[in-house]
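The values are calculated or read from the model by the stated rules, or taken from the named source; none is laboratory data. Just so it is clear, the structure is predicted and the values come from calculations on it, not from any experiment. Every residue, glycine as well, gets a Cβ built from its backbone with ideal geometry; the counts of neighbours run over all protein chains shown.
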Amino acid sequence: MHNSRFSLINAMRKFSLIFIFLFFTKTAFSQPDSLLIGIDGLTCSMCSYSVESMIRSVPEVREVRLDLNANEAWIKLKEGSAPDLSSLLKKVYDAGFSARSLTLFLNAYNIEWHHSGFKYGVYNFIIQTGKAPDKEVIILKLLNPDYFSKKGFKRFLKGKNDGNNSQFTYNASYIY
Amino acid sequence: MKKLIYIAFFFSHSLIAQELFINNEPASTMPKGLFSYRYSMENYQDENILRQWHAFRIFYGVTPNLTIALTGSISNHHPEKFPENVNAFFANHHSPGYSRNYRLKFDGFHFYAKYRVFSSDQQKKHLRIAVFGEASNTMSAHDEAESHLMGDNAGYGGGFIITKLLNRLALSGTCGFIVPFVYLDKDAKIEFRSGNSVYYNFSAGYLLYPSRYSSYNDLNINLYVELNNKRYEEALLLIDNQYQFTDLLPVLQPGQYSEFRPGVQFVIKSRTRAEVSVALPAYGRTYLRTGSVIFLSYQKYLFKR
């Protein structure tokens, strides 16, 4: 089931739009880039430990800490690295669970800007406003029904996800 | 039987536990590439003899959805071969004063594969369905109608599991069948085949402690109650190619039974589980064991650092 989900992602790489929600902050954020993955389907610490072990095996990951009560994985990346997001999420599925959200905390100085957005690793994000934000840290809340559970996606669309994405939210498309 | 169902329903709604069930497998599968090993021991008193069963099991997560397990076991439940006067043995084996002390011997291997076919995950919740198959090459001189693949019969089986996790509570149902092979003793010209079995087990578990995690080193205490039910068909016995009428031998007659298995589990440093449970007869009769059974198990998950 999950394999087909990821092969679908690969098939979508050229043709499809993935909606992301961008918001920017002035909060000081230490380098390098970080990620936050919300994980569904687990409660016990042994399950969390298996997810953490899996994520730690990704070469671009420097450090992982899993919040055992909120079931969220805080991931610090190695400096200058940009992981393949789908392979990172696949680690959650390999551990036997599902991802409900993925948030990137990007240092603005690590980003390669262009006229309509910016490039991050193999990903090319297009900001629909067309303006580069004057912020130190860019927070990308990435959501896609093929990455995440259907219920998690619906919850997000209904605004029940975290209630914190209205002030600086932009719809954006992303292409590879 | 209705009473039992009501009791099971009550426990499943009043208890709260995790899904690392002690006696039944959950629908969840092992993480991909993860090895785990488990030592299990089951003891019961058969008159003045302590019957023992010891098993060593290795689990492996082949894919996120497929888990396989190989078990080797030893026990002193059965003789290596049926005794010479086999009719007297079948007639009296479970009668008072007839118990014999057999030496511990290797039972054989048991192979198990489980494939998760459905998952619906939410935050701290999930519903999962898995199918499983199992096979055993055990060739003990098992002398009962009830078939059992872990240490008693050679044969195969299969079934499905549905597991629901609701925060600290996990509920699960397992439904399966067993088809035993014929035990053949060419020298004594005995052919014996236990009956086919179907079973339907219910498990409930609750994460009792901690109420809130502070680290992976927190000791987890899980409470479980499992209700195992089995129905088995009549056994077949041929001596010197002659069909033996088994009507007067209760041990070879069809039957059914239910047993409660309450238990407690300790998860240590999120990598090791140690558990104890007791099987308490509730309805009908199993000839596999006498009276209450104590079950101990220790399992280690070999996470990559």
Check whether at least one residue in segment B:21-37 is in a strand (DSSP E or B) and either within 24 Å of residue B:201 (Cα to Cα) or among the small types (Gly, Ala, Ser) (or both), and report yes or no. yes
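Please tell me if residue B:228 is within 12 Å of chain A (Cβ to nearest Cβ), buried (at least 20 other Cβ atoms within 10 Å of the Cβ), over 30 Å from residue B:187 (Cα atoms) and modelled with pLDDT of 95 or more.
Details: within 12 Å of chain A (Cβ to nearest Cβ): no; buried (at least 20 other Cβ atoms within 10 Å of the Cβ): yes; over 30 Å from residue B:187 (Cα atoms): yes; modelled with pLDDT of 95 or more: yes.
So residue B:228 fails the test.
For segment B:196-231, how many residues are touching a Pro at 6+ places or on another chain (Cβ under 6 Å) and not aliphatic (A, V, I, L, M)? Lay out the reasoning, then the answer.
As a first pass, look at segment B:196-231 and keep what is touching a Pro at 6+ places or on another chain (Cβ under 6 Å): B:218, B:225.
Filter once more, so that each one left must be not aliphatic (A, V, I, L, M): B:218.
The qualifying residues number 1.
Looking only at segment B:100-134, filter to residues that are assigned to a loop (DSSP other than H, G, I, E, B), surrounded by fewer than 16 Cβ atoms within 10 Å (Cβ to Cβ) and touching a strand residue (DSSP E or B) at 6+ places or on another chain (Cβ under 9 Å); which one of those is nearest to the other protein chains (Cβ to nearest Cβ)?
Just the residues of segment B:100-134 that are assigned to a loop (DSSP other than H, G, I, E, B), to begin with: B:100-104, B:123-124.
From what is left, the residues that are surrounded by fewer than 16 Cβ atoms within 10 Å (Cβ to Cβ) are B:100-101, B:103-104.
If we keep only those that are touching a strand residue (DSSP E or B) at 6+ places or on another chain (Cβ under 9 Å) as well, we get B:100-101, B:104.
Numbers: B:100: 42, B:101: 40, B:104: 32 Å.
My answer is B:104.
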Conditions (1) farther than 16 Å from residue B:128 by Cβ; (2) more than 12 Å from chain A (Cβ to nearest Cβ); (3) surrounded by 18 or more Cβ atoms within 10 Å (Cβ to Cβ); number of the one not met by residue B:179: (3)
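Restrict the check to segment B:231-254 and report whether at least one residue is farther than 17 Å from residue B:194 by Cα, modelled with pLDDT under 95, more than 14 Å from chain A (Cβ to nearest Cβ) and touching a helix residue (DSSP H, G or I) at 6+ places or on another chain (Cβ under 9 Å).
Our first condition is that a residue be farther than 17 Å from residue B:194 by Cα; within segment B:231-254, this holds for B:240.
Then drop every residue that is not modelled with pLDDT under 95, which leaves B:240.
Within this subset, residues satisfying the condition of being more than 14 Å from chain A (Cβ to nearest Cβ) are B:240.
So of that shortlist, the ones also touching a helix residue (DSSP H, G or I) at 6+ places or on another chain (Cβ under 9 Å) come out as none.
No, there is no match, as no residue in segment B:231-254 is farther than 17 Å from residue B:194 by Cα, modelled with pLDDT under 95, more than 14 Å from chain A (Cβ to nearest Cβ) and touching a helix residue (DSSP H, G or I) at 6+ places or on another chain (Cβ under 9 Å).
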Sole miss for residue B:61 among (1) buried (at least 16 other Cβ atoms within 10 Å of the Cβ); (2) more than 14 Å from chain A (Cβ to nearest Cβ) is condition (2)
I need a count of the residues in segment B:27-48 that are under 18 Å from residue B:276 (Cβ atoms) and surrounded by fewer than 22 Cβ atoms within 10 Å (Cβ to Cβ). 7
Please name all residue pairs, on different chains or six or more residues apart, with Cβ atoms under 8 Å, provided the first residue is in segment B:122-144 and is on the phi > 0 side of the Ramachandran plot and the second residue is surrounded by fewer than 17 Cβ atoms within 10 Å (Cβ to Cβ) and assigned to a loop (DSSP other than H, G, I, E, B). B:124/B:167
Answer residue from segment A:64-92, given it is out of contact with any strand residue (DSSP E or B) (no Cβ under 7 Å at 6 or more places or on another chain) and surrounded by 23 or more Cβ atoms within 10 Å (Cβ to Cβ) and is farthest from the other protein chains (Cβ to nearest Cβ) among those: A:91
Of the conditions (1) surrounded by fewer than 17 Cβ atoms within 10 Å (Cβ to Cβ); (2) touching a His at 6+ places or on another chain (Cβ under 7 Å); (3) not in a loop (DSSP other than H, G, I, E, B), the single one that residue B:51 does not satisfy is (1)
Answer with yes or no whether residue B:269 is among the basic types (Lys, Arg) and at positive phi. yes
Report whether or not residue A:108 is under 12 Å from the mean Cα position of the chain (by Cα) and farther than 30 Å from residue B:116 by Cα. no
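In segment B:268-278, which residue that is part of a strand (DSSP E or B) and either at pLDDT below 95 or of a type in the set (Ser, Thr, Tyr) (or both) is farthest from residue B:172 (Cα to Cα)? Step through it out loud before you land on a result.
Let us first name the residues in segment B:268-278 that are part of a strand (DSSP E or B), namely B:268, B:272-278.
With the extra rule that they be either at pLDDT below 95 or of a type in the set (Ser, Thr, Tyr) (or both), the set shrinks to B:272, B:277.
Details: B:272: 22, B:277: 17 Å.
Only one residue fits best here, namely B:272.
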Counting only strands (runs of 3 or more DSSP E) entirely within segment B:145-223, those with at least 3 residues that are at pLDDT 95 or above and either hydrophobic (A, V, I, L, M, F, W, C) or touching a helix residue (DSSP H, G or I) at 6+ places or on another chain (Cβ under 8 Å) (or both) are B:154-166, B:169-180, B:197-209
